[in-house]
Amino acid sequence: MRMQRAITLMIIFLFAAMPTYGSADYVDALTKEASDLMRKYALADNQEQKQALEEIAALAKKNKSNENVIRIYTQILASSGHYKKAISVLEPFTRERPESALLLQECMLKERVRQHDAQCYKNALSAAEKKGVNNLDYLMILYFSGDKRFDQAKEKYLCHNGSDAIISIFDKSRDEVLKQLYPK
């Protein structure tokens, strides 16, 4: 159980450290504050985790337009199994910012709670294509949307990035991928 928590928290740190597509305000005071709270959450016992979560929830509520704060908050929620709460934070954010990279997280969380949203994936795909990205997020969108371009995009990704071990995630079923990313 402790090992699973450690792995989950490493995933949170990894995704929280990734900048958004073209986001100019990746490192700012609010992002630092949210990152510090995430670190506090990750290292805390249950009572301290509750306090850290309340603090980051308040920070997110006050800063609804800061993509990094929202990303960190929703990743903490998702890592602790609060998928519907994470969705409820993401939906208004992505509605206001339809080009946000957080669309993919919203789509996948909806899928995880058995609320497949084809339009969500279409919106995420449109946003990614407008930005001209061909990264793992793009592959994930193609994979989960069942887009016929997935295999071709995967080969193109491998040609440009070599044999990326993480690409093996696509050898699993959609449900297995979701349960690996969101295990609770």
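Values in this text are rule-based calculations from the coordinates and carry no lab data. Please read these numbers as outputs of a predicted model, since none were measured by experiment. Virtual Cβ from ideal backbone geometry, glycine too; neighbours counted across all protein chains shown.
Our Cα-only numbers for the range 47-87 put the radius of gyration and Dmax at 9.6, 28 Å. By the Cβ rule of 4.7 Å, the chain holds the following cysteines without a possible disulfide partner: C159.
To the nearest Å, what is the center-to-center distance of the range 133-156 and the range 60-102, using C-alpha atoms only? Each part's Cα centre sits 23 Å from the other's.
Treat the count of other C-beta atoms within 10 Å as a stand-in for reagent exposure and order R71, R39 from fewest to most.
On the way: R71 26, R39 14.
Taking fewest neighbouring Cβ atoms as first place, the list is R39, R71.
Mind checking the angle between helix 102-112 and the chain's longest principal axis? C-alpha axes, 0 to 90 degrees, to the nearest 10. On a 0 to 90 degree scale, this one is about 90.
Relative to the dominant Cα principal axis of the chain, helix 118-131 is inclined by about 80°. Note on I166 and E99: the model spin-label points, each 7 Å out from Cα along the C-beta direction, lie 2.3 nm apart.
Against the empirical curve 2.2 N^0.38 Å, the C-alpha radius of gyration of the range 32-159 lands at a ratio of 1.14.
Anything over 23 Å Cα to Cα? Flag those among K64/K84; K84/K179; K40/K179; K122/K156, in the order listed. Present the calculation step by step, with values, prior to reporting the outcome.
Working: K64/K84 17 Å; K84/K179 15 Å; K40/K179 25 Å; K122/K156 21 Å.
From the list (K64/K84; K84/K179; K40/K179; K122/K156), the Cα-Cα distance tops 23 Å for K40/K179.
Relative contact order of the chain: 16 percent, from C-alpha pairs under 8 Å at least 6 residues apart in sequence.
Quick one: angle between helix 136-145 and the longest Cα principal axis of the chain, in degrees between 0 and 90, rounded to 10, please. Approximately 70 degrees, to the nearest ten. Available extension along the chain between V133 and Q152 is 5.4 nm, counting 0.36 nm per residue and deducting the alpha carbon span.
Extension gain for A44-V113 works out to 22.1 nm (0.36 nm per residue, less the C-alpha to C-alpha distance).
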